[in-house]
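A short worksheet on the structure shown next.
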Amino acid sequence: MCVHLTTNASLLTGSETFQRAVFLIHSPGKLLPVIEWVAIFLPLVFHAGLGIWIARTGRINSSQYKFTSNKRYSWQRWTGFIGLIYLFLHIMHLHGGMHYEGWMSAMGKIGFAQFRPYNAGSSLVHAMNLGYGIVWPAIYLVGMLSLVYHFINGLWTAGITWGLWITPKAQQRATKVCVAMGAVLTVISLSAWAAAVLPSEEDAVEMRAVEDRMYEMGVEAGTVPEMEEKRDMREREMLVEEPEGGYQVSTGADEPAS
């Protein structure tokens, strides 16, 4: 999560920085899905299953006991549920869930599967502007902040379970460290959110021009695999002037459209 948010926050420094990072992430090529499942999805599925089991077997007693620790336990459960729903929506919204052409096409028609790795910044901005530019930004804001709390509070609790900080003084020190980490991660999260939400569609058009140039140069240099399916081919048709002064639709092919 920390790496993912930091990478997205790099969009604030320019689409070049963000696109370069995405090129690096996708450099493993066909091995990327294996890496994602082993390092990301399977641990998430295990954690979600374990969390649901704990939530079903545990009892919230913050209404009877007003101690901060009891409230934190309740918040941990609720932010876990919110975070699980958010992660599902996030994956569907940007990646569509499964990378099959028919499935991706169907998901795109209902506003999902919007992210294109080789047009990273522009497709991300376009995705966030769906739903009148309000629905998805609100979902992401609530979801990210819930996950930050869930991660930091869970880290503090795990330290007690693992015997890292058991005494009151050790727990006080751990609290200060975790609060500091939470503050830093919150700033990074809000930066990543702002980087995707604040740019306009006009900014996205400029981003796409930069991304296309980086892709073409990368393919020519051999540093970026030529994979057109990872580019954003939506709305690439544009008017080009004919020699006689008229206009025709260009599809991006070498031969002029008839």
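Laboratory data are not the source of any read-out in this text; all were calculated from the coordinates shown. Computed from a predicted structure; not experimentally measured. Ideal geometry is used to build each Cβ from the backbone, glycine not excepted, and the neighbour counts take in all protein chains shown.
Residue by residue, region 149-160 carries 3J(HN,Hα) couplings of 4, 4, 5, 5, 5, x, 5, 5, 5, 4, x, 6 Hz when phi is fed to the Karplus relation 6.51 cos²θ - 1.76 cosθ + 1.60 (θ = phi - 60°); x denotes Gly or Pro.
Of the residues TYR118, TYR132, TYR140, the one with the fewest other Cβ atoms within 10 Å heads the list, and the complete ranking is TYR132, TYR140, TYR118. Dipole of the chain computed with +1 at Lys/Arg Cβ and -1 at Asp/Glu Cβ about the Cα centre; of THR161, LEU5, ALA21, farthest Cα towards the positive end is THR161.
Fewest neighbouring Cβ atoms within 10 Å first, the residues LEU198, LEU147, LEU141 line up as LEU198, LEU141, LEU147. Of all the options SER146, SER189, SER74, the one that moves most in a Gaussian network model of the chain with Cα springs shorter than 10 angstrom is SER74. Across the chain, the volume of the C-alpha convex hull divided among the residues equals 167 Å³ per residue. Of the residues LEU87, LEU42, LEU12, the one that moves most in a GNM of the chain with alpha-carbon contacts below 10 Å is LEU42.
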